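What follows is a short report on a single structure.
The values are calculated or read from the model by the stated rules, or taken from the named source; none is laboratory data. Keep in mind the model is a prediction, meaning the values are calculated, not measured. Here the Cβ positions follow ideal geometry from the backbone for every residue, glycine too, while neighbour counts run over all protein chains shown. Just the protein is used for accessible areas: all its heavy atoms, side chains included, with ligands, DNA and RNA removed. Shrake-Rupley method; radii C 1.70, N 1.55, O 1.52, S 1.80 Å.
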Amino acid sequence: MTERETTRLVAWSRELRRVHGRLREALRVTRTSLAEGTPGEAATRELLLYCHGFCAALDAHHQGEDRTLFPAVAEAHPQLRPVLRALEQDHSMIAHLLGGLQAAVERAATPEELGGHLEGIAAIMESHFRYEERQLLTVLESLDLAADPGDVLGTL
């Protein structure tokens, strides 16, 4: 295997960690925006922007994994299919929670309610990311997947 091929293969592992880090940061910024926000229309618009960006980025990340990454992992490592099914179930649960947050933001819910939505998403997201990293990082270091990382893992 050439150095370029090795770099391309190991890049999937690094890229997943990097995207998870960016999503964690986007969640932190969104939570900070809520905690430090001032009452009024401008604060509501700002929170809507942060939440929309965070929700869209997390959803795109999970859709890319479901569409491209997980099928490639399942083909190369069939023994991981139960793990992949659990991760896909997490994606569905997180999508449901994101929908609840978006609806709460659109109806101008109280900061307490919005904070509750963010805390729930944060807990599930962090648990999901840690499990996914424990189960897949080593596998991703040898995964031969010729695809654009932005298409597979999101562009955040």
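Among all residues of segment 47-64, there is at least one that is open to solvent by 60 Å² or more (accessible area, probe 1.4 Å), of a type outside the set (A, V, I, L, M, F, W, C) and at pLDDT below 90. Summed over segment 121-156, the residues that are touching a residue at least 40 places away in the same chain (Cβ under 8 Å) and among the charged types (D, E, K, R) give a count of 6.
Inspection of segment 34-45 finds no residue satisfying the criterion of being at pLDDT 85 or above and surrounded by 15 or more Cβ atoms within 10 Å (Cβ to Cβ).
Give the number of residues within segment 101-121 that are surrounded by fewer than 16 Cβ atoms within 10 Å (Cβ to Cβ) and under 16 Å from the mean Cα position of the chain (by Cα). The number of residues fulfilling the criteria is 2.
The condition (being part of a helix (DSSP H, G or I), modelled with pLDDT of 95 or more and either farther than 21 Å from residue 30 by Cα or not aromatic (Phe, Trp, Tyr) (or both)) is satisfied by just one residue among 119, 88: 88. Residue-level analysis places residue 70 outside the set of residues that are surrounded by 15 or more Cβ atoms within 10 Å (Cβ to Cβ) and closer than 19 Å to residue 32 by Cβ. When residues in segment 98-156 are screened for being in contact with a His (Cβ under 7 Å, 6 or more places away or on another chain) and aromatic (Phe, Trp, Tyr), 1 of them pass.
The set of residues from segment 127-150 being surrounded by 14 or more Cβ atoms within 10 Å (Cβ to Cβ) and in a helix (DSSP H, G or I) comprises 128, 129, 131, 132, 133, 135, 136, 137, 139, 140, 149.
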